[in-house]
1. Using mean Cβ contacts within 10 Å as the protection proxy, how do 250-262, 181-193, 124-136 order, highest first?
2. Going down the list LYS45/LYS223; LYS44/LYS223; LYS75/LYS223, which pairs span over 31 Å between their C-alpha atoms?
3. Longer than 22 Å from Cα to Cα, which of LYS67/LYS164; LYS47/LYS256; LYS93/LYS164 are they? Say none if no pair is.
4. From the backbone phi of segment 88-97, what are the Karplus-calculated ³J(HN,Hα) couplings (6.51 cos²θ - 1.76 cosθ + 1.60, θ = phi - 60°) in whole Hz, Gly and Pro given as x?
5. Summarise the accessible area of segment 64-173 (1.4 Å probe, protein heavy atoms) by the percent that is carbon and sulfur.
6. Would you mind computing, in nm to one decimal, how far apart the modelled labels at ASP48 and PHE125 are, each placed 7 Å from Cα along Cα→Cβ?
7. As an exercise, use a Förster radius of 35 Å and the Cβ-Cβ distance of ALA101 and ALA252 to find the FRET efficiency, rounded to the nearest 0.05.
Amino acid sequence: MPHNLAGRKQSGGDQSDGSGSAPKTHRPKSGKTSEENDKKSLNKKLKDVEISVPIVYGTIAFWLGKKATEYHSHKWTVYVRSATNEDLGAVIKRVVFQLHASFNNPTRIVDSPPFELSESGWGEFEIAISIFFHADVSDKQLDLLHHLRLYPEDDSSAPQSTKKPVVIESYDEIVFCEPSEVFFSRVQNHPAVSVPRLPASFNFPPSGLLIENVHERKRGDTKDHPFSQWFLNFSEADELLKLAAARQQVQAHIGKLRRQLTLMDGQPQHSKPSPGQ
């Protein structure tokens, strides 16, 4: 079911109880750059346009069973992924995970997709997640907070299993208002994003501005991730992206026809010869 994307939409869940958290809103805004002469296209904003990026952030924790020790009972991974497991590298530049102070080098920086890190330990704690975007996307970082859970919440007395992990994930939509033309051109056909808002008179940027590298995009997706069978399925995000993709195709076709009509209007009209000529 489509939603009015006015900001970040958030829901949470796990495979033990499927509980959710209340929606929150957030709109990262692109700021001004210092090199105005060299970055005119970077600063050119598209009025009345929105780009939405559905993401999922969370943790997956496995009990180590017989290999467990007092201080290393679980192995876990924290991550930020696309809600549809596409590569987020076209939007996100790096992700910083702030672990508990007891870990060596608790500030972990991941500069390329997939944006994740794995560790082992015995305790649960809050992980601060800071998402940084490419320069043409936004100069504002997005800060999130996620609770690492090692034990099932529904029945803590049940015996642990090394085969069934504890998965806690939250769904989010990051909405970029009035994106730069460079950013829009790069991701308008990218499967990880949707364009829920376009003015009726919008003309798509020239195809020469498109930057598409299929091999690079596939490198960072999580479709074949070792943990993909445990990822929660946010069908709402999938439906949203499908609807947005269909809308983009229609609007692209309308824009093409509009440009053709403009060219036709600029050409001289020739009168048809009479049958006798």
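The values are calculated or read from the model by the stated rules, or taken from the named source; none is laboratory data. Remember, it's a predicted structure, so these values are computed and weren't measured experimentally. Using ideal geometry, Cβ is built from the backbone for each residue, glycine included, and neighbour counts are taken over all protein chains shown. These accessible areas exclude ligands, DNA and RNA; they are computed on the full protein's heavy atoms, side chains included. Shrake-Rupley method; radii C 1.70, N 1.55, O 1.52, S 1.80 Å.
1. 181-193, 124-136, 250-262
2. LYS45/LYS223; LYS44/LYS223
3. Beyond 22 Å between Cα atoms: LYS93/LYS164.
4. Once rounded to whole Hz, the list reads 9, x, 6, 10, 9, 8, 7, 10, 10, 9.
5. 50
6. Calculated label separation equals 5.0 nm.
7. Computed FRET efficiency for ALA101 and ALA252: 0.10.
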